[in-house]
Amino acid sequence: MLKKFIISIISLSVILPTSLLYHTTSFENTINITKRISIFFLKILKKRFDLVNIFIISRKMNRVLNINSCFKICISQKIIFSIFGYDVKIISGVKKSEDRTLDGHAWISYNSKPILEDNEIIDQYIQSFTI
């Protein structure tokens with residue numbers, strides 16, 4: 001119970017500032033700042049808590065705050081995971097949808113394995129960049 005509470009509090013304390021960051025700086029600055037923050041935490045903190053619990057709880061916190069953008073969620077999750085000692089990557093991909101328009105999606109990967117929600121399907125996406 002205490003672990004879930006700690007993950008929730010850290011998630012909230014990261015999600016709100018990263019959402020603000022996303023809306024106040026350029027896309028490139030958001031990515032660069034996210035990388036620097038993540039590297040900082042990874043240098044000083046070790047792995048703790050379960051990867052899956054961190055994922056599930058931080059996703060729930062994003063939903064509570066009504067953040068639905070997969071990229072915004074992944075930006076905050078990259079920092080959250082680094083606070084808990086995990087070096088995750090944000091993978092961004094594109095695909096053509098049935099109406100021939102481009103559709104983009106972002107997801108988290110750890111050790112080259114995607115960490116996905118049950119309803120997340122990424123098979124049709126072509127990876128375009130990694131953070």
- Query: Based on what the data block shows, is ASP87 among the acidic types (Asp, Glu) and within 15 Å of the chain's Cα centre (by Cα)?
  - Reply: yes
- Message: Here's a check for you: in the range 1-24, which residue that is in contact with a helix residue (DSSP H, G or I) (Cβ under 7 Å, 6 or more places away or on another chain) and β-branched (Val, Ile, Thr) is farthest from PHE84 (Cα to Cα)?
- Response: THR18
- Task: With the checklist (1) of a type in the set (S, T, N, Q); (2) open to solvent by less than 10 Å² (accessible area, probe 1.4 Å); (3) at positive phi in hand, flag the one item SER82 doesn't pass.
- Result: (3)
- Within the range 63-90, tally of residues that are of a type in the set (Val, Ile, Thr), under 14 Å from PRO114 (Cα atoms) and assigned to a loop (DSSP other than H, G, I, E, B): 1
- Inspect all residues belonging to the range 4-17 and state whether any of them is under 20 Å from SER109 (Cβ atoms) and part of a loop (DSSP other than H, G, I, E, B). no
- Task: State yes or no: is ILE54 free of Cβ contacts under 8 Å to residues at least 60 places away in the same chain, surrounded by 14 or more Cβ atoms within 10 Å (Cβ to Cβ) and within 18 Å of LEU116 (Cα to Cα)?
- Result: yes
- Query: Here are some residues: LYS72, LYS46, LYS35, LYS113. Which one is charged (D, E, K, R), over 13 Å from the mean Cα position of the chain (by Cα) and more than 27 Å from MET1 (Cβ to Cβ)?
  - Reply: LYS113
- Message: Please determine whether any residue of the range 48-62 is acidic (Asp, Glu), in a loop (DSSP other than H, G, I, E, B) and at negative phi.
- Response: yes
- Being free of Cβ contacts under 8 Å to residues at least 12 places away in the same chain and either in contact with an Asp or Glu (Cβ under 7 Å, 6 or more places away or on another chain) or surrounded by 13 or more Cβ atoms within 10 Å (Cβ to Cβ) (or both) is the filter; apply it to the range 18-39 and report the residue that is nearest to ILE75 (Cα to Cα). ASN32
- What number of residues within the range 26-43 are at pLDDT below 90 and of a type in the set (Val, Ile, Thr)? 0
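The values are calculated or read from the model by the stated rules, or taken from the named source; none is laboratory data. These figures come from a predicted structure and were not determined experimentally. Cβ coordinates were reconstructed from backbone atoms using ideal geometry, including for glycine residues, and neighbour counts include every protein chain displayed. Ligands, DNA and RNA are excluded from the accessible area calculation, which covers all protein heavy atoms including side chains. Shrake-Rupley method; radii C 1.70, N 1.55, O 1.52, S 1.80 Å.
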